[in-house]
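Worksheet: one structure, shown below.
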Amino acid sequence: MSILQARRRSCAASSLLLRGLGFTLALFAFLALAADGVAHASEPATSATASLGLTTGEAIRAILGLLAVAALAYIAGRPFVRRFERSLGLSPLVAFGVPFLLLGLASHELGILSEPVLRGISPLLVLGLGWTGFALGFRFDLRLFQDFPRELLEAFVLVTLLPFAAIVGAAALLLALTDGVSADAIFFRDALVLATAGAMTTRTVVSVLDRARDDARTRLLRMIHLEELAAIAGILVLGAFFRNGGDAQGWTLPSFGWVFVTLGVGTALGVLTFASLTTTKSQGETLAVTLGAICLSAGVAGFLRLSPLVVCFFAGSLLANLPGRWKADVRQALLDLERPIYLLFLVLTGALWSASAWEAWVLMGLFVAARFGARYIGVHALALRQPDLLSPDEERQLASSPMGPLSIAIVIGAQQLFTGTTVAWIVHAVVMGAIVSDLLARLIRPDPGPRARATLFGFGRVTRRLVALTSVVRPAASPPPTVTPTDAASKEDPS
Amino acid sequence: MKVLLLIALAVFVLAVRAFAPEASGASATAIGAGVLLLAGFFAGSLFKAVGLPKLTGYLAAGILFGPQVLAVISPAMLADLSVFKGIAVALLALTAGLEMDVPTIRPLFRSVRWILLIAVLGTTALLALGVYLLAPTLDFMAGLEPAQLVAVAIALGIAISAQSPAVVVAVRDETAADGPLVKTILAVVVFADLIVIILFAVATTLAKTTFGESADPLQTALTLGWHVGGSILAGAVLGIVLGFFVRQVESGRALFVAALAFAIAEVGERLHLDPLVIALTAGIVIRNFPWARITHWASAVARALRPAFHAADPAVGPAAASAFDPALPASAEPPHEPALANHVHHAVEAAGFPVYIAFFAIAGAGVHLDSLVVAILPASILVTVRGFGFWLGTRYAAHLADAPPVVGRFGGFGLMPQAGLALALAALFVQSFPTLGAGTGDLVFSIVAMNEMVAPVLFRLAILKSGEAGRLSAPPDHDHPAPTPLVSVDSPSES
């Protein structure tokens, strides 16, 4: 394709996008104004939102606002936007995380995400956590753990467990000093949650590694899988041992019993979903069953006050490791909505955000320092012990790796499971800490790398792809892609 | 297998419900959605296997798992799931509107007119007479003045005569039927719904005067004008928006359609517009709007502007000019009108399948079996009168209109299905006449329950007997060989 053609198409695409956006905004504005006008003369409505006790104007503002936020999250989750952001060397948090966080804050202030609305959409939060857990589990290929090399275990200890321990130590100390040491060791629970979220390495790290070093990418991906498994196990144990008893209802079980209940429920739901999926005959049926299974799994987990993330992870991983012709459809559906859900989490976090407590800011600072310092030490120790494992650039990337969506999902899940003032602090620490550590990483790595630099100046290539993606002519149906461990990072990475 | 899965699902959820018998909240809502989706899917497949409509299976699953039988779904869960109702009705009405290709159905207008006049209005009169004659057996009508008796009988007769385009579309889709019978019935039920809405508003206003309430005819006319006229206007605008969106954007159509259906249902209710009429009009506009002509004019304007763009920048001029052309940039051929409607149809199909399962299962779960027992005798008589009226009326009307024999023989069965509109009118009636008590609601709910269970089966049989089943060939949509999934699948090269 000639340069002229590329420029023609890029110009046309930007114009189309701008027109579409302008038209949609104008329509929303018109509808909101019209609605406000009619609202005062209207009687109480009988719609699904009527039970929230909102006036007509508030309800319409909330509905349209939510739809607009969902549309933005969907657009931001499209593959071409991801490639665009990667090609510019931007991390997801910098590119979209902060804007969506601010969008949530603004939505709350504007009355779109008011308290009744947040209460009304709470099933979506449960479903979102379940979806994230299911998607995570569906990526969990047991074959990656066959013949697990010893040097990777060493890497796991240095790159993951060392930061984990450092964060636990620092956070537990601060929480004990500020919130006090209670009999149920809440400070320790929160420190463990914080450390679990902080120990995660984002999958984007794999995609920025040198493509020629396929073996290094595969090894790192296997380590990240191990990290995710450890995180799920951690939440499982935390959820069982620091279980929020709540009211008098429910079963009385010893703490360890809840571990088995979680595993049992996850497995039972996985088996039920698998059996259901084997009866499907079309893509539509597969998607309906998948949606039903995720709703059921997340709902059951929430109902039993278990972590939807963990229960759905087990159900999803069971499906991933059993045979089935429906797997490509399920995988694509799960991954397509994973990032929009993560962005909606950020919007909700923004809406619930309370930055008034100084302890939350101190905790965030401590969290970032402990994570960053321990990771740096861990990666360098790893480089000393295994000089051939990573190149110097890859070491830098790994040491300064930002946090991924799983970290956010972990603290949002914790917010659903646990109570107490300090829970809001850890959410604040992880979300803000993720942004701060990303910015710090940018400072440490001033050079975006040859690939990013090349595409930064070769803007036309990105826009050319944009045009290709927004073209009405859909490419002919192709067989589902087979995901090899090496490709998984770039293909499945929601961030 | 599916029976076992149904049993396993019931046992599993009942076991989980033992944790906290009073199920409500976000998790309970998610469980409800999951159970109804999965149970509806299994039951639908089972019913299909024994030659019954899937839709009846969804309803049966709802009844089985609903509060009246197994009580897996609590009334609180059911109330929280009402959001599905609005979306499903909007999607089904959109589908019905997309079928209204004016040039194709113009030859059927004569039959439609006669059927509306004789079968629909005649049966309404017959039902009003039936209610009047049954008054001594109906507790809620005891002690009414003769004028009140007549007014209430007329209003109830209208409410009971309401039909269901949603069920007609669902059964038509399931049997893939096409031909004069299906086309005529679809047009009749669409127009009949409008007539019923208008007649009911007038009848209740008049009935109120017999109860000594002041009724302002001008206010009634204005409300009705806003309800119907505003809905048509809103539908036309949304139809054009949806049409342009589908023309310009390829991915995420199903999600966009689902979001639009949600907005139509929720915002429409809040503004006292009719979601059914809005979506129906939107579908009719998409099918019949002169897209090609508009595109032609826009292209002419773009061509006229091209020299100006070219003068500004020879490199990007042609592309910029083509970007102002709504047909589509560069070399893309503008899609012809039926293709556009088919694109929307695919999107509705993809978004609709899980929603329809949930909708009909929720409808089943909402069936008041206790009311059915209380009002079984008068309800059975009125169901018989209604069915007989539609059947005989359609036969006679088809004879007068010289309609194809198949319309006369089987058309009446298509008018029998009943669902949301009758229930909504009943609720409105109870709200308007609180002195009559809940008895009116019980009577209408019982009639709807009977029709829900029997009428889809009869209509399906009628379609099979008519020979129109399986005639609906896949729309000529070369870009989309298969329906678009709930979430769009990018080509592997772009993932």
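Laboratory data are not the source of any read-out in this text; all were calculated from the coordinates shown. As the structure is a prediction and not an experimental result, all values here were calculated from the model. Glycine also receives a Cβ, built like all others from the backbone with ideal geometry; neighbour counts cover every protein chain displayed.
Counting Lys and Arg as +1 and Asp and Glu as -1 over every other residue whose Cβ lies under 14 Å from the Cβ of A:Leu346, the net charge comes to -1.
Each residue of region B:131-136 is assigned a 3J(HN,Hα), and the resulting list reads 4, 4, 5, 7, 3, x Hz, derived from the Karplus form 6.51 cos²θ - 1.76 cosθ + 1.60 (θ = phi - 60°), x at Gly and Pro. Given A:Lys327/B:Lys465; A:Lys327/B:Lys54; B:Lys48/B:Lys183; B:Lys183/B:Lys208, which pairs have Cα atoms separated by over 27 Å? Among A:Lys327/B:Lys465; A:Lys327/B:Lys54; B:Lys48/B:Lys183; B:Lys183/B:Lys208, the Cα-Cα distance tops 27 Å for A:Lys327/B:Lys465; B:Lys183/B:Lys208. The HN-Hα couplings worked out from phi for region B:146-160 by the Karplus form 6.51 cos²θ - 1.76 cosθ + 1.60 (θ = phi - 60°) are x, 5, 5, 4, 5, 4, 5, 4, 5, 4, 5, x, 5, 4, 6 Hz, whole numbers, x standing for Gly and Pro. Here the residues A:Val427, B:Val150, B:Val348, ranked from fewest to most Cβ neighbours within 10 Å of their Cβ, fall in the order B:Val150, A:Val427, B:Val348.
Note on A:Thr178 and A:Leu229: with the Förster distance fixed at 45 Å, the Cβ-Cβ geometry gives a FRET efficiency of about 0.90. Couplings 3J(HN,Hα) for region A:312-323, derived from phi with the Karplus relation 6.51 cos²θ - 1.76 cosθ + 1.60 (θ = phi - 60°), are 6, 4, 5, 4, x, 5, 5, 5, 5, 9, 10, x Hz, where x marks Gly and Pro. Just check region A:123-447 against the gyration tensor rule for me: Cα atoms, a ≥ b ≥ c as the square roots of the eigenvalues, rounded for a/c under 1.5, and otherwise prolate or oblate depending on whether a/b exceeds b/c. In terms of gyration-tensor shape, oblate.
Checking the a/c ratio against 1.5 first, then a/b against b/c, what shape does the Cα gyration tensor give for region A:271-403? Display every interim value, and only then the final one.
Working: a/c = 2.76, a/b = 1.53, b/c = 1.80.
Because a/c hits 1.5 or more and a/b fails to exceed b/c, region A:271-403 counts as oblate.
This ranking places A:Cys295, A:Cys312 by how few other beta-carbon atoms lie within 10 Å of each, fewest first, which gives A:Cys295, A:Cys312.
Give, as ranges by residue number, the residues of region A:287-307 whose backbone N falls under 19 Å from the point 7 Å along Cα→Cβ of B:Ala18. Of the residues in region A:287-307, A:300-306 have backbone N under 19 Å from the label point off B:Ala18.
Counting other C-beta atoms within 10 Å, which of A:Glu109, A:Glu359 has the fewest, and how do the rest follow? Write down the numbers at each step before the final one.
Numbers: A:Glu109 11, A:Glu359 17.
Going from sparsest to densest Cβ surroundings: A:Glu109, A:Glu359.
Computed from the C-beta positions of A:Thr267 and A:Thr55 and an R0 of 51 Å, the FRET efficiency is 0.65 to the nearest 0.05.
Rounded to the nearest 0.05, the FRET efficiency derived from the C-beta distance between B:Arg471 and A:Glu115 at R0 = 60 Å is 0.65. Amide H to amide H distances under 5 Å link A:Gly404 with A:Thr202, where only residues 5 or more positions off or on other chains count and H is placed in the peptide plane.
A crude spin-label estimate for the pair B:Val11 and B:Thr435, with each label 7 Å from Cα along the Cβ direction, gives 5.6 nm. Database remark: amide H of A:Thr280 closer than 5 angstrom to no amide H (H placed geometrically; neighbours at sequence offset of 5 or more, or on other chains; Pro and chain starts carry no H).
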